[in-house]
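Asker: Take this structure first; my questions come after.
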Amino acid sequence: MDRWIRGAWGLVFGCALVASAPLAGGAQDVGPMPLFSSHEPVEITLVTDMGSLRSDRSETDRPALLVLAGGDTLPVKVRPRGDLRRNPAVCSFPPLRLNLRSGGADGTPFAGQDRLKMVVPCHLGRDSFEALVLREYLLYRVYGLVTDLSYRVRLARVTFRDDAGRDEAVTRWAFFIEDASALAARVGGEVVELPEGKALRPEALHPAEAVTMALFQYLIGNTDWHDAQGHNVTNLALPGRVVPVPYDFDFAGAVEAPYANPLDGLPITHVRQRLYWGWCWPQLDTEPMVARFREIRPDLEELYRSFEPLDERTREETLEYYADFYENVSTPERAVHYVFRDCRRLR
């Protein structure tokens, strides 16, 4: 193995030898922080220089105020983040990161938070892009039905207010994503930081968890990820294994953003087409992983049908899209034929 994975990470990167049964979480699970302990939307107003966020996409902090529904006002710093959606040619408004002052949010839902990713509509003035935010938010909730080793999210009704008074205030749906360090602390693990240009050996991943994650990506029609390279995946070192945790689903067929497309070089032409992008694990019985997705189907359907912020037509169309997945995995034989036959070889 390369020198960079020796030493402290030696046991972690040898995890291909561990048992392949699905894993529910870490032994030191400490539970979510207040912001992520509820699914009730939080109402806030973000006051900052809106013109600066639109015109200057550099990852530079700007002063802002976060005003909560109860009247509490938190001084924060806000900056654009991300890659594609930070590009003004793609989105007229970027995703954001909020930096909260340590201890400044005590007694509020934001207590204990430091860095928070905030997913906002790509275009604040267009209703269709608000719907895309809601569709992506639900995908985090779906993966949370599959496994506790998933990012927590919190829906927010946000009023964006320009502190210079040049722009009219606009209220849109957005959501917050749990920070990677908070996820790791919650499940008793540690984030695996990959040096630039380096990747994990796929064999270092826990086979059952890698298959679970890849099946989820197949369910939602997403190929914009790579677990070994850490692309839109956080690799968590837990006792005896490395577990991939996915994020950033705007390229998924279940979202169908207008700027989304499949990964280059794949034999599909549209994000609504599914392709299994996971690794081949010849010695692994994948049926327990598939069975987990069959098990959560009633909860998945209830999640969508009860989610009123998204219009009923979109909810039902998404469930129809998922029904095709369930047809493909309705029996072990069909799962092998329609899903796992396209797996990527480890060697």
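Asker: Could you pull out the longest piece of the chain with no exposed loop GluC sites (Glu not before Pro) in it, calling a site exposed if DSSP puts it outside H, G, I, E, B and it has at most 16 other Cβ atoms within 10 Å?
Answerer: Values: sites that count: Glu59, Glu168, Glu193, Glu196.
In short, 197-347.
Asker: Leaving out ligands, DNA and RNA but keeping every protein chain, what accessible area does Asp264 have, in Å² rounded to the nearest 10, with a 1.4 Å probe?
Answerer: Its accessible surface works out to 140 Å², give or take rounding.
Asker: What do you get for the angle between helix 312-328 and the principal long axis of the chain? Use alpha-carbon atoms, 0 to 90 degrees, nearest ten.
Answerer: The helix 312-328 is inclined about 10 degrees to the chain.
Asker: Now for a different question. Averaged per residue, what accessible surface does the chain expose to a 1.4 Å probe, in Å²?
Answerer: 45 Å²
Asker: For the chain, set up a GNM with springs between Cα atoms under 10 Å and report which of Pro95, Pro195, Pro32 has the largest fluctuation.
Answerer: Pro195
Asker: Separate question: Once you keep just the Cα pairs under 8 angstrom separated by 6 or more residues, what percentage relative contact order results for segment 137-183?
Answerer: So the answer I get is 35 percent.
Asker: Please work out the FRET efficiency for the pair Asp311 and Glu168, using the Cβ-Cβ distance as r and a Förster radius of 22 Å; give the result to the nearest 0.05.
Answerer: So the FRET efficiency works out to roughly 0.35.
Asker: Tell me which residues come under 5 Å, amide H to amide H, from Trp279 once H is placed; ignore anything under 5 positions away on its chain.
Answerer: Placed amide hydrogens put Arg344 under 5 Å from Trp279.
Asker: Next question. What nm value, rounded to one decimal, do you get for the distance between Ala291 and Arg201 when each label is placed 7 Å out toward the C-beta?
Answerer: In this crude spin-label approximation the distance works out to 3.1 nm.
Asker: What percentage of the solvent-accessible surface of segment 223-347, computed with a 1.4 Å probe over protein heavy atoms, is contributed by carbon and sulfur atoms?
Answerer: Percent of accessible area from carbon and sulfur atoms in segment 223-347: 46.
Asker: Would you calculate the separation in nanometres between label points at Leu284 and Glu301, each defined as 7 Å from the Cα along the Cα-to-beta-carbon direction?
Answerer: With each label point 7 Å from Cα toward Cβ, the separation is 2.8 nm.
Asker: Under a 1.4 angstrom probe, counting protein chains only, how are Ser52, Ser37 ranked by accessible area, largest first?
Answerer: Details: Ser52 25, Ser37 80 Å².
So, going from the largest accessible area down, we get Ser37, Ser52.
Asker: Quick check: the angle from helix 207-220's long axis to the longest principal axis of the chain, C-alpha only, nearest 10 degrees?
Answerer: Taking the Cα atoms of the chain, the angle to 207-220 is about 60 degrees.
Asker: Relative contact order of segment 127-286, please, whole-number percent, based on alpha carbon pairs below 8 angstrom and at least 6 residues apart.
Answerer: 21 percent
Asker: Of the listed values (1) 85, 40, 38; (2) 48, 44, 41; (3) 62, 49, 35, identify the label whose number matches Cα extents along the principal axes in Å calculated from this model.
Answerer: (3)
Asker: So what is the relative contact order of the chain, in percent, for Cα pairs below 8 Å that sit 6 or more residues apart?
Answerer: Reported relative contact order: 17 percent.
Asker: Out of the total accessible area of segment 65-112 (probe 1.4 Å, heavy atoms of protein only), what percent is carbon and sulfur? Walk me through the numbers before you get to the answer.
Answerer: Working: 1070 of 2220 Å².
Result for segment 65-112: 48 percent of the exposed heavy-atom area is carbon or sulfur.
Asker: Divide by every residue of the chain the summed helix terms, -39500 (n - 2.57) for each DSSP H run of at least 4, and state the resulting mean residue ellipticity at 222 nm, rounded to the nearest 500 deg cm²/dmol. Can you show the working numbers first?
Answerer: Numbers: 7 runs with 91 residues, N = 347.
Value at 222 nm, helices only, nearest 500: -8500 deg cm²/dmol.
Asker: Report, in degrees rounded to the nearest 10, the 0 to 90 angle that the Cα long axis of helix 127-146 makes with the longest principal axis of the chain.
Answerer: Tilt relative to the chain: about 40 degrees.
Asker: List every residue whose amide H lies under 5 Å from the amide H of Thr234, counting only residues 5 or more places away in sequence or on a different chain, with H placed 1.01 Å from N in the peptide plane.
Answerer: Close amide H contacts, sequence-distant or interchain: Val245, Tyr247.
Asker: His337 to Thr73: extension gain in nm, 0.36 nm per residue of separation minus the Cα-Cα distance?
Answerer: 89.5 nm
Asker: With springs connecting C-alpha atoms under 10 Å apart, model the chain as a Gaussian network and identify which of Gly144, Gly197, Gly82 has the largest mean-square fluctuation.
Answerer: Comparing Gly144, Gly197, Gly82 in a Gaussian network model of the chain, the most mobile one is Gly197.
Asker: Can you give the translational diffusion coefficient of segment 122-229 in µm²/s, computed by Stokes-Einstein from the Kirkwood radius over Cα pairs at 10 °C and 1.306 mPa s?
Answerer: 95 µm²/s
The values are calculated or read from the model by the stated rules, or taken from the named source; none is laboratory data. What you are looking at is a predicted structure, and each value in this text was computed from that prediction instead of being measured. Using ideal geometry, Cβ is built from the backbone for each residue, glycine included, and neighbour counts are taken over all protein chains shown. With ligands, DNA and RNA removed, areas are computed over all heavy atoms of the protein, side chains included. Shrake-Rupley method; radii C 1.70, N 1.55, O 1.52, S 1.80 Å.
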